Structure formats: structure tokens, C-alpha cells
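The values are calculated or read from the model by the stated rules, or taken from the named source; none is laboratory data. Treat the numbers as computed from the prediction; the structure is a model and nothing was measured. Cβ sites come from the backbone with ideal geometry, for glycine too, and all protein chains shown count toward neighbours. Note: accessible area is taken over every heavy atom of the protein model, side chains too, but ligands, DNA and RNA are not part of it. Shrake-Rupley method; radii C 1.70, N 1.55, O 1.52, S 1.80 Å.
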Amino acid sequence: MASVTLSVNGKSVTRDVDARTLLVEFLREHMRLTGTHVGCDTTQCGCCTVHVNGEAMKSCTLLAVAVDGATITTIEGLAKGQDLHPMQAAFREHHGLQCGFCTPGMIMSAVDMVRRKGTDLDDKTIREELEGNICRCTGYHNIVKAIHYGAEAMGKAGTAAE
Amino acid sequence: MSGTGIGARVLRKEDFRFITGKGQYTDDVNRYGQAHAVFLRSPHAHAEILGIKLDAARAMPGVIDIFTGDDLAADKIGGLICGWMIHSKDGTPMKAGAHPALAQGKVRYVGDHVAVIIAETQAQARDAMEKIVVDYKVLAPVVAMADAVKSGAPVLHDVAPDNTVYNWALGDEAATQAAFAKAAHVTKLDIVNNRLVPNPMEPRAAVGDWDSGQDAFTLYTTSQNPHVARLVLSAFIGIAPEHKLRVIAPDVGGGFGSKIFIYAEETVCVWAAKKVGRPVKWVADRTEAFLSDAHGRDHVTHAEMALDASGKILGLRVKTQANLGAYLSTFSSCVPTYLYAPLLSGQYDIPAIYVEVDGLYTNTAPVDAYRGAGRPEATFVIERMVEVAAREVKQDPAEFRRRNFVRQFPHQTPVIMCYDAGDYDAALTKALEMSDYKNIGARKAESAKKGLLRGIGFSAYIEACGIAPSAAVGSLGAGVGLWESAEVRVNPVGTVEILTGSHSHGQGHETTFAQLVSERLGISIDNVAIVHGDTDKVQMGMGTYGSRSGAVGMSAISKALDKIEAKAKKVAGFVLEASPDDIEFKDGKFSVRGTDKEIDFASVALQAYIAHKFNGQELEPGLKESAFWDPTNFTFPAGVHICELEIDPATGVTRIDRWTAVDDFGNVINPMIVEGQVHGGIAQGVGQALLEGAVYDASGQLVTASYMDYSMPRAGDLPSYDVGMTQTACPSNPLGIKGCGEAGAIAAPPAVMNAITDAIGHEGIDMPATPLALWRAIQKAAPRAAAE
Ligand code: FES
Ligand code: FES
């Protein structure tokens, strides 16, 4: 067993966990934050993407003990109450989701993309940057659109630098 | 209410929970005291099980129990079933080998289920699994279809000594022969339809629960059709009678057909919950999904098309081998037969067609319906044939198609289907315009200057959706009816709950179904809730597949709404002191014709429940109606997709430059959602054509069992799509809907392959046209030119 302390969506938590516990298991099973999904076992699909100290990472390939002390944001921590994050709003507005399973990872990756690449994202950049996120439903057309407008909205709302 | 009614681009009601991480998928369900199941799977494609040693595994930490096929047999738990009887052309019934949920004596594919370990945690179950010792006698496997039918081939099931499930045929052989006898030209083609793995992003999962006080079971599962799951688990597998078995499919993260079927894992989880007296949860990892989800496609076909001197199609002859895998999955038998051959007429007036299909067993995962199910395979055959025929007789492929289009409706094809409505010229004309076809020559020249090969490919597809008229499918061997049910519950305050047997796994039913109610009752979609996916709430239903939820599911709702309206008019009549015949209902208001007396829908609902203005002898209180809708025909969505692409001959890399889709889905409830369905379908079709392929090696190992090995389409592999529509209302249901869920996946593969073969100038390439395959094909055609 190992003791892990994390700040998750603004709350500090400490748990004794099996040393092999993955971050995604810590979030889903110990914190019941089931918005972070598991879609593969080879770090390919991005359904499990969360922010670790502000950077997008795949929580299925990180041991919880390896990020002891980190600040984690999951999809549940993105909206402020009923106020959606601009990227969440853009996915809804542009029909960037169907079954919703890839969506939390897509949104977390998209927010990180804006942090790294700015708020003016062209289609080519967005498609390249989505290399690590698979969606089987949408054919990506509307996801690309949603990220483009979401990034723009983040610029206007001043959330891009957060 | 036009803002949220039929035809409006309403944003989806379900999205809020998904974008905030509050969706409830099966893996998000956690029952108090639950244990975890892990399945020990066969590492061999074909082997006898001589013995299983469990002692060491049982002694591992956290292990609660371990079960094998013997335990299921001892409890008289039946095997998995195939629900569609197909007869061979000699009249004999198909040869269905037994399909136990846990192997009994023999394993038949890599991934076949040998034992289940139930432990306190998933990790402990996995650790214990390592300690199970299985004594296998490895048998020679049959992997390729060509080998399955060789004499002396290893036999999978004793009931099928030649590994043949059926030799089935459809059409008029003599008439087709006569057509070929008078042909001026015959086009011949060998066609491979590659094996795919559906890969919804949510892996399959199940949580079984047993209530000892009631002796009743609950199964949470990733299902497109929970009622069918309950029916099969109850009536055929024998878990419990239906009133003691509740099946809940919460949010489902995509399915594409693969979550229609009733699999071993959910069967075992729900049964084991009683055995161990604890809830039992299983979640597939991705490799398990690759190994054990039903795969799709996998046909090898030889086709011949007879033409007269003017390029009119006289006849079509098709011989297909269909790989059904190691066992018959739930609906596998109908996919390469009745969902395939009846679509081989395409959009064309073809006087004679004859199709033969051999369904074969191999030591590979079971194959069943995957997005389109049979119709993509048929479309690939006819659209490749038409394109190649046009090339051979030196006609423009668009005009060649136009010359052969069906123009009179209804149109009876020689292969069962009666097309009810359509306008194929309109879609083609619009697609040619949108794609700027007239300037393709200039664009090809432009690409050539850059050293690139540009190609354009057409696909004028048709599909049979709105599955399906019950009596008709019954006569073809279906074990179930394919109607849909609906119940409309109006609450006393005028809000509405719709209970439906359809079940969304991404299609947006909570929005589109509410739009229908909004349109009909004049209430806000915010006042409508859609209830689905729970057999304790919705009495019965057939689920979501075959693009049926709009055409069949919403038609059932519409029929129930007719009854609501009729009853509400009676209530309004009492309140407004007028005959129900004089009551008009419009924009959510009931009024007495020719007067200004009116009452709104919510007030009528309240009056129906307080029942003060009428007595129970005159009218029953309350406002709740139900309906079953059984379609009168299949629906026939159709359209034209045009793919334009560039290939770099030096690398074999393909870039899709533009994609034009013009689809006729009949009336459309929500264009935003329909376009999304088209996008997703095209992506899967492009994936099949360029990237995806399930590959077994000679020993029967699946070598593409992860996302490192199986190439899923990613954003960078795909273009944006130019989507347009034409509309002919469907006469076969009250809403005029044809369905849109599968069109893209059906239309796309031949469009891509026709474009690729146009670009490289020969037909010698199969799907997936990966860079390596394409590079080789280009080398084969012009080795020096490419090397220069
Ligand atoms: S679950 Fe983490 S990348 Fe797939
Ligand atoms: S919305 Fe279903 S996987 Fe992306």
C-alpha cells in the first residue's frame, strides 16, 4: 500500500492505495469521478485525459504514486457550477459529441491544445494535435469545428491562459 | 413551437451530462459489495480442453470463486443462440454448432471463454488467472475461408463436417443465365470485403446483481437492445423468467452493431451474481474487445455483370463466401444473406440477379452485424462493379449510373425488395454540382504537375432500413418481430414522459424524440423526458440498429400521440362543453371550431386527472397511451457520395481532398444530428477502405488486437465533409422518415476504392488500401515510372 495525496478539482485528498493503482483508477474508483473514461490499454485513445499540474496527460498510463502531490483537474472540475467552460459549451454548440464516451478526454485535450497553441487554431493544427484522441462516432468533423470555436471563445473569455 | 419541432437544429438535451463528465455508462455503475470478474480466454485458435486445474488459483488472495463450463452446465444454463434461421438452397436448415458461454471440452478461437475468476478486485482476479493451468490438446486451426472448405480440413463443429453453415441462394438462376447469354459485354471482378472490428470507444461491460429476498436478477449492460437481451437470457439461456430479470442499459458509448448481441460475459456475470451472492462486475479491456466483440464484414466475392451494347445492365451474378467465425453470433446468419443479397440491385433497374452465399465456420471471432450489416458489402459489390463496367465500356461513370437508375416507384427488384420512393437523378445531379465534377480534368492535371495521382470515385448507394416488417422478416427466418413500442405518459401538469423500446447509444434520441412531441403537442422540449434502456420501466422493445429508431421507434411514438390527441380532445370537449368532433388542436391549444373558446394542453392534462368535468362511465380518467408500430415495408435511404483524393506514388500515402455526400433520408427531424450521423458513418467507411483490417496469422492469432496494431481513423486521416440532402418522403411510415445511421459507412468504401483505382489506373488493389498496399499496386502497374 502507498499513501497518495492529490489536489483533485480544488480539493485535497489523501488515500492509501495499492501501489499499482493507476491515476485513472484513483479517480474513478477511489473518488468516484467517473467522467474520466478508459477506452484502451495502450495509451492510444485519449478517453482518460486529465490535467496534471495544468498539462494534459493520459491517466491510464500514470501510477497514482508517481504523481503524488500533483494538482489534477478532471472533466468534472472544468465547469464552474452550471457555467460551462467555453470548450465544453463549444462541443455542445457544434455537436462535437455523439455517444459522449470520448468527449471528456477530447475536451481536456482541447483545452490543453489552446494552452500550447493559442486561441487561433486552424483545422490542420487541430487535426494534427488530436493524434492522441480517438472518436469512433463523429468522424471528427464537428469536433474540429468545436475546438476551433471553443479556442476562439476561450480567447475572448480570457480562460486560455489558465 | 417551431423552434424545437420537426426539422429544427435543436442542440442536444443529453449533452450537458456528457460534457460535464456526468454520463452514466455501465462501468460507472458500482453496486454495494460488488466483486470483479475476469475471463480466462483461450490462447489457441483450436484446441481440446483435457483438464483445468484451479487449486492454485483458488488459493490466491481475494479470490471468491472460479467457474468453468461444467458449472454452467450443472445449473442448466443454455448456450448462446443465433436468432435467425437460414435454410440452404437444398432446403436443409443451417448448421448451428453449440455455443456454450464457457467452453465445454473445446475452444474454437483465440479469446474463447474458458473460465471466469471472481475476486475482490479486478487486479486480484487477474493475478489468480495466471495460476490456472489448462491442459490443451492443440488442434490444427482453420483460419482462411479458402481452407475451411478444403477436403480434410479440420472440423470446428461436428454438425458441420464441411465447416459450412449454409449454401444459400437468392434470385432466378435461369433468368440470370439467359441475361448473360445475350450480353454484349460482361464485367468480372474479384472482391474482398475486409474484416473489421467495430470498436465503439466504450468497451463492453456488465454488472450482474441478484436480490436474494426476491430471487430476482438485475443486469446492467452495454446493450443497444436491453429487451432482446432479457428475452434471450430468459427464454433461451435460462437465467430467470422475464419478470425476475431486469436488464438496464444505461448510457451506451457507441455500439455500431457490436452491442446488439448477447455475449458470454454478461450471461456469466448475471448468473454468477447468485452463485457468489454478490454483485459481479466485468469490464472489457481493449484487447478483449478486439478478441471477443463480434467482428464485421469478411466476404470474398466473385461478381459478374452482363451489359447490352448501350451499357444497360442486363443481369448480375454474385458468388460470396462469408466468414461467420467460430460460432454463430446472435444475428450473424442473416447478415450475409437477407441483409446482403436483397440490396445487390443497388439504385439500378436490373432485370435478373442471382446470388449464392456460403456461410463458413473458421477459428476466428464470431462475425455479426457491424454498421450497415450486409448492406455495405452489397453496396461495395454493386458500386465497384458499376464503376468498373463503366470504365470497360468507356462511359462516364456518372452517366453510366444515370442510364441504369430506377425511375418508376414502387420498383420491385428481382431480389425481394420493393423500393417505395426515391429520386436518384436528383441526388446525382446535386452531387455532381457540389463536387464540381466538370472541372475534375483540370484538377487531375494540377495534381499531376505536383507528381501526385488524383482520382475521383462515385458511390450511388441504397440501403434497406427501418428494420423491419415483422411478418416479412418472419417469413425469411427471423426469430423475432421487428416492430417498436412506445408509451406516452402525460403528467397532470402537462409534462410528458415518453417510454420507448429504442435505445440511444449516441444517436440523440432524448432530443429528436422530444422534438416530435414538441411538434405534436405544442410543448417545450424541456417538458419532455425520454425513458429508455430499462426493462422495468419500458415493457418491451426491439432496440436500436438498422437505422430503425426514427422510422420505427418514432412511428410508434407518433401512433401513441395520435391516441393522446384523440383522448385529450374528448377531455377538452367536456371542459369546453362541445362535441369532441368540434374540437381543434393546434399549437398546443384545444379550441371549439368557430368560437374563441380554448384551453391549453397542460390544462387539459390536469382536467384529465382531476376528472371533475366528466365521469368515469363517460371517459376514463388519466392521459396515458401506448402503441406498437409494425412497419409496412423497409425504408430505402439512398444517395450519392463522391470521393476525390490524391495519392503520392512515391509513398503510397492517400489524402482525401474532398468528400461530397448527397443523401435522401426522407423527412429529417434534426438536420444537425443527421449530418453528424453521416460524418461518423463516412469516417468508418473511409477507415475500412484505407486503414482498418483485422488480421489473423496462420495459427489463428489475432495480430491486430490493440490500437497499436489496428489502425483506427484519427482526425488527421480524414477530411471535412460536404454534406447535402435531397428529399423524397417515405410513404411507409407516418413521419416519412427513412433513417440515416448507416448511410455513410455503406456509401464510403466503394467511393474511396473507385477513386483510388481511378487514380492508379487499374483495379488491382483491395481494402484496406494502406500506403504499403498502394505503393505495391502502383509499382506493379508502372514499376519504372514510379521508381524514376
Ligand atoms: S484509456 Fe488512456 S489512452 Fe486509452
Ligand atoms: S462521441 Fe462516441 S466516441 Fe466520440
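May I ask you to give the solvent-accessible area per residue for segment B:523-666, in square angstrom, as obtained with a 1.4 angstrom probe? Mind dumping the intermediate values first?
Details: 5740 Å² over 144 residues.
I get 40 Å² per residue for this part.
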**Study point:** Those lysines that a straight Cα-Cα span of less than 26 Å connects to B:Lys275, excepting residues fewer than 8 apart in one chain
**Key:** B:Lys53, B:Lys76, B:Lys106, B:Lys131, B:Lys244, B:Lys259
Study note, to complete from the structure: Rounded to whole angstrom, the alpha-carbon centroid of segment B:250-325 lies from that of segment B:123-161 at a distance of 19
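Per DSSP helix of 4 or more residues, -39500 (n - 2.57); summed, then divided by the residues of chain B. What does that give at 222 nm, rounded to the nearest 500?
Details: 21 runs with 210 residues, N = 788.
Computed ellipticity for chain B at 222 nm equals -8000 deg cm²/dmol.
Take B:Glu620, B:Glu584 and sort them by solvent-accessible surface of the protein heavy atoms, 1.4 Å probe, largest at the top.
On the way: B:Glu620 135, B:Glu584 80 Å².
Solvent-accessible surface, decreasing: B:Glu620, B:Glu584.
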Practice item. Sort A:His37, B:His87 by accessible area with a 1.4 Å probe, largest first. Key: B:His87, A:His37
Point to revise | Angle in degrees between helix A:141-157 and the longest Cα principal axis of chain A, rounded to the nearest 10 | key: 80
Exercise for review: Would you work out if segment A:46-103 is rounded, prolate or oblate? Take a ≥ b ≥ c from the square roots of the eigenvalues of the alpha-carbon gyration tensor; rounded if a/c is under 1.5, else prolate when a/b is larger than b/c, oblate otherwise.
Suggested key: oblate
Review point. Where the centroid of each part is defined by its Cα atoms, how far is segment B:734-768 from segment A:1-74 in Å?
Key: 41
Exercise for review: Evaluate peptide B:20-29: per residue, the Cβ atoms of other protein chains within 10 Å of its Cβ; return the mean as an integer.
Suggested key: 6
Review point. What is the pair-distance distribution P(r) of segment B:483-629, computed from all Cα-Cα distances in 10 Å bins starting at 0, with each bin given as a whole percent?
Key: 13, 41, 30, 14, 2
Revision key, fill the gap. Note on chain B: contact order normalised by length, alpha-carbon pairs under 8 Å, 6 or more apart, percent, works out to 15
Review point. What total accessible area, in Å², is buried where chains B and A meet, using a 1.4 Å probe and rounding to the nearest 100?
Key: 4200
Check your understanding: Ordered by residue, what ³J(HN,Hα) values in Hz, to whole numbers, does segment B:517-532 give under the Karplus form 6.51 cos²θ - 1.76 cosθ + 1.60, where θ = phi - 60° and Gly and Pro are x?
Key -> 5, 4, 4, 6, 9, x, 10, 5, 5, 5, 9, 10, 10, 9, 10, 7
Exercise for review: Could you name the aspartates and glutamates whose alpha carbon sits less than 12 Å from that of B:Lys450, not counting residues in the same chain fewer than 8 places away?
Suggested key: B:Glu646, B:Asp648
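At 1.4 Å probe size, with the rest of the protein present, what percent of the exposed accessible area of the protein assembly as shown is carbon and sulfur atoms? Walk me through the numbers before you get to the answer.
Values: 16610 of 32640 Å².
The nonpolar share, carbon plus sulfur, comes to 51 percent.
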Check your understanding: Roughly what % of Cα-Cα distances in chain B sit above 48 Å, to the whole percent?
Key -> 22
Practice item. Please give the net charge around B:Val197, taking every other residue with its beta carbon less than 9 angstrom from that of B:Val197, where Lys and Arg add +1 and Asp and Glu add -1. Key: -1
Check your understanding: Counting only heavy atoms of protein chains, what accessible area per residue, in Å², does segment A:86-156 have with a probe of 1.4 Å?
Key -> 31
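Please say if the protein assembly as shown is rounded, prolate or oblate, where rounded means a/c under 1.5 for a ≥ b ≥ c the square roots of the C-alpha gyration tensor eigenvalues, and otherwise the choice is prolate for a/b larger than b/c and oblate otherwise? List each step's numbers first, then the result.
Working: a/c = 1.24, a/b = 1.06, b/c = 1.18.
Rounded shape, in that the Cα axes give a/c under 1.5.
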**Study point:** Among the listed pairs A:Lys145/B:Lys22; B:Lys569/B:Lys589; A:Lys124/A:Lys145; A:Lys80/B:Lys22, those beyond 19 Å (Cα-Cα)
**Key:** A:Lys145/B:Lys22
**Study point:** Helix A:103-117 axis, angle to chain A major axis (alpha carbon atoms, nearest 10°)
**Key:** 70
Check your understanding: Shape call for segment B:313-378 from the C-alpha gyration tensor, a ≥ b ≥ c root eigenvalues: rounded (a/c under 1.5), prolate (a/b greater than b/c) or oblate?
Key -> prolate
**Study point:** Cβ-based charge dipole, segment A:12-146, positive-most Cα from A:His95, A:Ala19, A:Cys47
**Key:** A:His95
Review point. For peptide B:709-721, how many partner chain Cβ atoms fall within 10 Å of a residue's Cβ, on average?
Key: 6
Check your understanding: Can you tell me the Rg and the Dmax, both Å, for the Cα atoms in chain A?
Key -> 15.3, 47
Review point. Per-residue mean of other chain beta-carbon atoms within 10 angstrom of the beta-carbon, peptide B:12-18?
Key: 6
Point to revise | Accessible surface of B:Glu565 - all protein chains present, 1.4 Å probe, nearest 10 Å² | key: 40
Review point. Leaving out ligands, DNA and RNA but keeping every protein chain, what accessible area does A:Thr71 have, in Å² rounded to the nearest 10, with a 1.4 Å probe?
Key: 70
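Sort B:Trp629, B:Trp84 by accessible area with a 1.4 Å probe, largest first. Mind showing how you got there, number by number?
Details: B:Trp629 40, B:Trp84 20 Å².
Of B:Trp629, B:Trp84, the descending order of accessible area is B:Trp629, B:Trp84.
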Practice item. Identify, among B:Pro580, B:Tyr545, B:Ser603, the residue whose Cα sits farthest towards the positive end of the charge dipole of segment B:483-629, taking +1 on the Cβ of Lys and Arg and -1 on the Cβ of Asp and Glu, with the dipole about the Cα centre. Key: B:Tyr545
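Determine the sum of side-chain charges near B:Ser292: Lys and Arg each +1, Asp and Glu each -1, restricted to other residues whose C-beta is under 10 angstrom from that of B:Ser292. Intermediate values should be presented prior to the final figure.
Numbers: positive: B:Arg41, B:Arg204; negative: B:Asp112, B:Glu265, B:Glu288, B:Asp293.
Cβ neighbours under 10 Å give a net charge of -2.
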Revision key, fill the gap. At q = 0.20 1/Å the base-10 log of I(q)/I(0) from the Debye formula over the alpha-carbon atoms of segment B:1-156 is -1.28
Practice item. With all protein chains present, calculate the accessible area of B:Thr651 using a 1.4 Å probe and round the result to the nearest 10 Å². Key: 70
Exercise for review: May I ask which residue of B:Ile19, B:Val29, B:Ala45 lies farthest towards the positive end of the charge dipole of segment B:1-73, with charges of +1 (Lys, Arg) and -1 (Asp, Glu) on Cβ and the Cα centre as origin?
Suggested key: B:Ile19
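Rounded to the nearest 20 debye, what is the charge dipole size of the protein assembly as shown about its Cα centre when +1 sits on each Lys and Arg Cβ and -1 on each Asp and Glu Cβ? Walk me through the numbers on the way to the answer.
Details: 89 positive and 111 negative charges, 97 e Å.
For the protein assembly as shown, the charge dipole is close to 460 debye.
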Exercise for review: Could you work out the Kirkwood radius for segment A:86-156, taking every pair of different alpha carbons, averaging 1/r and inverting it, reported in Å?
Suggested key: 11.5
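Give me the dipole magnitude in Debye, nearest 20, for chain A about the Cα centre, with unit charges on the beta carbon: positive for Lys and Arg, negative for Asp and Glu. Don't jump to the answer; show the numbers that get you there.
Details: 16 positive and 19 negative charges, 42 e Å.
The dipole of chain A has a size of about 200 debye.
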**Study point:** Charge context of B:Met417, other residues only, Cβ under 12 angstrom, K/R +1, D/E -1
**Key:** -1
Practice item. List the aspartates and glutamates whose Cα lies under 12 Å from the Cα of B:Lys559, skipping any in the same chain that are fewer than 8 positions away. Key: B:Glu484, B:Glu487, B:Glu625, B:Asp630
Exercise for review: Could you check what % of the DSSP bridge pairs in segment A:2-77 are antiparallel, to the nearest 5?
Suggested key: 90
